[in-house]
1. Looking only at the range B:24-50, which residues are more than 14 Å from every other protein chain (Cβ to nearest Cβ) and out of contact with any helix residue (DSSP H, G or I) (no Cβ under 6 Å at 6 or more places or on another chain)?
2. For the range B:200-250, what are the residues that are of a type in the set (Val, Ile, Thr), over 13 Å from B:Arg155 (Cα atoms) and surrounded by fewer than 22 Cβ atoms within 10 Å (Cβ to Cβ)?
3. For residues that are of a type in the set (Val, Ile, Thr) and buried (at least 20 other Cβ atoms within 10 Å of the Cβ), scanning just the range B:293-316, find the one that is nearest to B:Pro648 (Cα to Cα).
4. Return the residue satisfying two criteria in turn: it lies in the range B:204-213 and is of a type in the set (A, V, I, L, M) and over 13 Å from B:Gly150 (Cα atoms), and of such residues it is nearest to the other protein chains (Cβ to nearest Cβ).
5. Taking the range B:793-804 as the region of interest, how many residues are free of Cβ contacts under 8 Å to residues at least 60 places away in the same chain and surrounded by 17 or more Cβ atoms within 10 Å (Cβ to Cβ)?
6. Out of the range B:158-203, which residues are more than 11 Å from chain A (Cβ to nearest Cβ) and farther than 26 Å from B:His751 by Cβ?
7. Which one of these is outside any strand (DSSP E or B), touching a strand residue (DSSP E or B) at 6+ places or on another chain (Cβ under 9 Å) and aliphatic (A, V, I, L, M): B:Val181, B:Val232, B:Val224?
Amino acid sequence: MEKKILFKYIDDPNQVDIDTYISHGGYKALEKVLKSMQPAQVIDEVKKSGLRGRGGAGFPAGMKWSFIPKDSPKPRYLVCNADESEPGTCKDRVLMERDPHGIVEGMAIAAFAIGSHQAYIYIRGEFVYPARMMEQAIASAYGKGMLGKNIFGSGYDLDMAVHTGGGAYICGEETALLNSLEGERGMSRIRPPFPAIEGLYACPTVVNNVETLASVPLIINNGAEWYASMGTEKSKGSKIFSLSGHVKRPGNYELEMGTPLSYLINDLGGGMLDGYQLKAIIPGGSSTPFLLPNQIDTPLDYESIAAAGSMLGSGAVIVIGDKTCMVWVIDRLIHFYKHESCGKCTPCREGTGWLLQLISRIEHGEGKPGDLEKIDSICDNIFGRTICPLGDAAVMPIQSALKLFRDEFQYHIDHKKCLVKSEFEFK
Amino acid sequence: MADGGNNITLTIDGREITVPKGTTVLEAAKKMGIEIPTFCWHPKLKPVGACRICYVEIEKMPKLQVSCATECMPGMVVHTDTEKVKQGRKAILEFILINHPLDCPTCDKGGECDLQDNTFAHGIDDSRFDFNKYRFIKDRKSTFDDVRLGPEIIRNQNRCILCYKCVRANKEIFGEYDLGVFQRGNLTEIDAAPGQQVDSLYSGNLPEICPVGALTNTDWRYKVRVWKAQQVKSICGYCADGCNLTLWKRRDKIFRSSSRRNDEIDEGWICDIGRYGYQIANAENRLTTPLIKKGNKQVTSTWDEAIGLIARKFKEIKDKKGGVCIGGMISPTLDLASLYAFSKYFRTVLHSNNVDFRNDYKMLAEKYGDTFGKMASLEFKIADIEKSDLILVIGSNLIKEHPIVNLRVRKTVTKFGASLYTLNPFATKSGDISTDEIIFNAGTLEALINGICVSLISQKLNASDVDVSNFGSMANPNTVSSASKITGISEERINALAMALGKAKNITLIVGEYIKASPLRELLSIALNNLTIIAGINKKGQIGFLYKSANSKGAEKLGVIPYPSPNLIGKMKEIWKYYPDSNGLAADRMIRAAKKEEMDAMFVIGANPIWAYPDGQFAKDGIEKLDFLVVADLFESETTEKADVVLPLSSWAEYAGDFINLEGRLQHFSAAIKPQNGSLPAFDIIGRITVEMDKPIFESVEQLNNEIKLLLAVLPEKAAQSLKLGEVKYSEEKISPDFSIPLFVTDDLHHYGHHTKEAKSLAAFGSEPYAEISPAMAEKLQLENTEMLRIESEVGKIILPVRISEILDNNVVVISRNFATTPVNILQMRKKRIDRVKLSKVED
């Protein structure tokens, strides 16, 4: 069901103001942590809550924090990943624009938990307004003594800064983000070493998504049990879903984990646009495999979506109506991934370019016999063989489409016209 | 399984191997002789796992793994040759080749291309790619694919496989940021940073490590197919680092030189001077015949006539006035045989001890046994720099003097975390990695060193077994605060450096040219000796008073100086059955003697004192007064102009020989080509003269080499370093208010000595003289880049275009001396420790 905890004050235009935020109980969690808790206790609390990373991979947040070596003499860094660029995803943007202090507070708590005195929020370059809101929030938090030296008289110091990206999807990948933050070219790094051991400036670093960090103050205020009481066995709490596509009411909706997909699409989203039948659903951002109409009752949680053959990802649900040609969809998607491939490793760099050329010619009715087999093989040569997940992200929707809608591709090749829009003739 | 935590045992292709922790699967496989293809892997660079050709299968891991970036783990079971691995490699090659132009017939890398080799070994002969290949064209008007990135580097992006080795090495190893990656995905390009050229001193390495023909040297392009060139083992003949080179030749012409990796010295990197410097051998304007001065003109002659004249004249002068009236200067870039033959000729035939290889040092000492000489003979190993946790560089523009030692220092700092302290009168390129870059007031180094010594003592960080109770009375200044006042370096920084020296476990001290070339070198050496004793550097680390030229150390070891060590003299006497009694004159004393008309003749080989001696007017006056001057050189020079006989000399690439590098390492080089243009190697010239004088000093080069072996076997005297503290009193220099700005004359970054301007590629980096000043100074003088600057000293005046330096930040002017048009040394005075000038703008 809809569960507005992150979104509790999302419609209050004054929530961006620090005084309003405080009057709504803001910065209480930070005060509690700094005055009465040890870093290890904070990590335990977040572990107990079952909070999982909201950026896409769903890695348990508390566990990630506990990987920071306790005895390293190097400085540690907390980095908030606000490079939200997965097509279909627009949840972090709303949080930054409308509840920036929730993120600042969450970052401060996380920084304390890992023993960091410098936190960065890396914001997608196109997000000019969200970046401004974050900068304002950080400045007013400094003004109130909630950042800077000796916060709440606890002796704990923390500096926080906004860094905006240059506009590359790859910089949402955590190691590429760290390179970009260092002033290097945004290209992913080979792992190991993982960021927890050698991250920003080769120092121990935690990179968390905006939504993950924004959830932290709620867990501290209300307790891990309260958070863990929501959701399913392995997917706790609530999550924001960005609904888009051929539905009547697209938008961001916060749901308890495990809520059926049909509730989001039909009840909150108002169902399909008039004259459209449901054809396919992308459940977790453009890189996740398609679900079919008969899977519409799948609960929205990590394990159920995985069992259905896809991934919950960032929670970007893209609904595709029956008048849509899947070849066209894939052509659009591979264009995006080809454009965003950073160029570091061979399979992704060369493979996405070649896939685009092949899919594009099929889309335009110039496909040749054997093209689909070639695409299958190229996808196999990319999947699991790249440095970072961008390669996988590029081929998963293609592999899924070729499995579920292969006839549409074959029709384009065989008949030089579209199966879906049969009235349309290629020149 | 793990053994003691430091070794790891794993299985590769069914065989067990034990390797140190941290070894990658690729390295372990290489050790076992298992070949795994690579493109982006390089033994000296951090792995990036970009090309992904080095896939292996590791049990319990579902995906293919890149062996270059996977660390060996205990019990790992690796397969390098399964069907899955082969399929993975084929797929990578297919990807790499889809947009590769396959223009092998016109590509210079053909025959030594990793892409050719790996495709041959692991690829398929067909492609499933049926689109037009993408072509990078920089300039729409141009139909060519080649883009010039720097004076010597051409890029063809179509061929690039994006292994990023060039960009990585440039950053990681050379500390340069002039090359970058642009665009994204399969449009990614390697290019020069905006507004910059790829023209660092190490830029020539970039084409060498390029696995394909994407980066090529203009030097080598389109000249020879690599499989038709012969490779000759050589050693660089410029600086004293002693990099190992391969010279590539065909039909008695050299086409390129490349690194012949020696991990003890160069680790596979060479500087551009070593890379392009060979071009002097095939340069067009080499001297081709001996010249003899008739009247006021030098006219072409023959070897027989010239040798006959030299023999006759030298004999005449020796018989009439004695050998002491003949002086000999020889370049320390010549081989051991030539240096030795020169010394033997002077001592046993001319009965003169006037031989010297130090032709550009002011005011050399007149007797054996100075502290400077002792310090310079200490052992130093380039590879041992890596053991240090603190490196102290004093009075050296390291990248300029020792480009490859500089790389080892960089590596030790950036890779192993050592701290670097540099003490110089102006900023150098080492500044970016220095813990503290100390720029002291020119001419106050001994005060600074005293300050550091005093600070060590007062912080109780001095070596415990040294009696320092009297040091206060031996030193002036003897407090940190007075040293701070004199040198302009704050007390905190002096104390911090002393603290770091005291705490360091292993120190490398590198002392450079500014000390060795200074007339106060003895005082400075004593000061440095004090520092090494008080800080205990002699017991924890190494001291490098590094020699400058390819064979300076050899010249020193063979005693090509007026006053060799008694042991060496003893050995010479034993071999030669003779040794002259007369006192010898050092290079600058010879010039002084000539000026006073106490010297009649001089024999100069490979040196150019009129150009190099740091008092141009003095050198010219002296040499012009000589009755008879013989100069052997590759090219016409300022000194050959004055000669009565000019002899064409061979470069080191034209004969076989040996150099001793700054570490004391004897290295043999083979002859790449025959002596060019009728030139002769120096030992041959000397041999012919002695035959003509009826006093042959050797019958064969073997005989020379055997005698050299005997001399080199003479052990340096025990306890070479004096362990006694010496007196160091700083006395303030009188500075004329008119001429107050310190002048430093140096080699241009891409030049070395007076020959390299004849190497076309090096001239492409710079062929015009310039004066470097700081931005603040430029502003004060209202000068923009390339505007003309007048530089006046008490004795001379020159006008040069100005270059506003990116790194200089104090009131000095630095001038490169390598260019023919400007005799920079006319500004210098031999008795001044620091040459000082005044600067003014030249109005149009």
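The values are calculated or read from the model by the stated rules, or taken from the named source; none is laboratory data. Small disclaimer: the values here were computed from a predicted structure and weren't measured. A quick note on method: Cβ atoms are made from the backbone with ideal geometry, for glycine too, and the neighbour counts reach across all protein chains shown.
1. The answer is B:Glu27, B:Ala28, B:Ala29, B:Lys30, B:Lys31, B:Met32, B:Gly33, B:Ile34, B:Glu35, B:Pro43, B:Lys44.
2. Matches in the range B:200-250: B:Ile209, B:Val224, B:Val226, B:Val232, B:Thr246.
3. B:Ile307
4. B:Val212
5. Within the range B:793-804, residues that are free of Cβ contacts under 8 Å to residues at least 60 places away in the same chain and surrounded by 17 or more Cβ atoms within 10 Å (Cβ to Cβ) number 6.
6. Matches in the range B:158-203: B:Asn158, B:Arg159, B:Lys165, B:Arg168, B:Glu172, B:Asp191, B:Pro194.
7. B:Val224
Every residue, every condition in (1) in contact with a Leu (Cβ under 6 Å, 6 or more places away or on another chain); (2) farther than 24 Å from B:Pro564 by Cα; (3) surrounded by fewer than 24 Cβ atoms within 10 Å (Cβ to Cβ), yes or no:
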residue	(1), (2), (3)
B:Glu641	no, yes, yes
B:Ile660	yes, no, no
B:Gly664	no, no, yes
B:Leu680	no, yes, yes
B:Met693	no, yes, yes
B:Val714	yes, no, yes
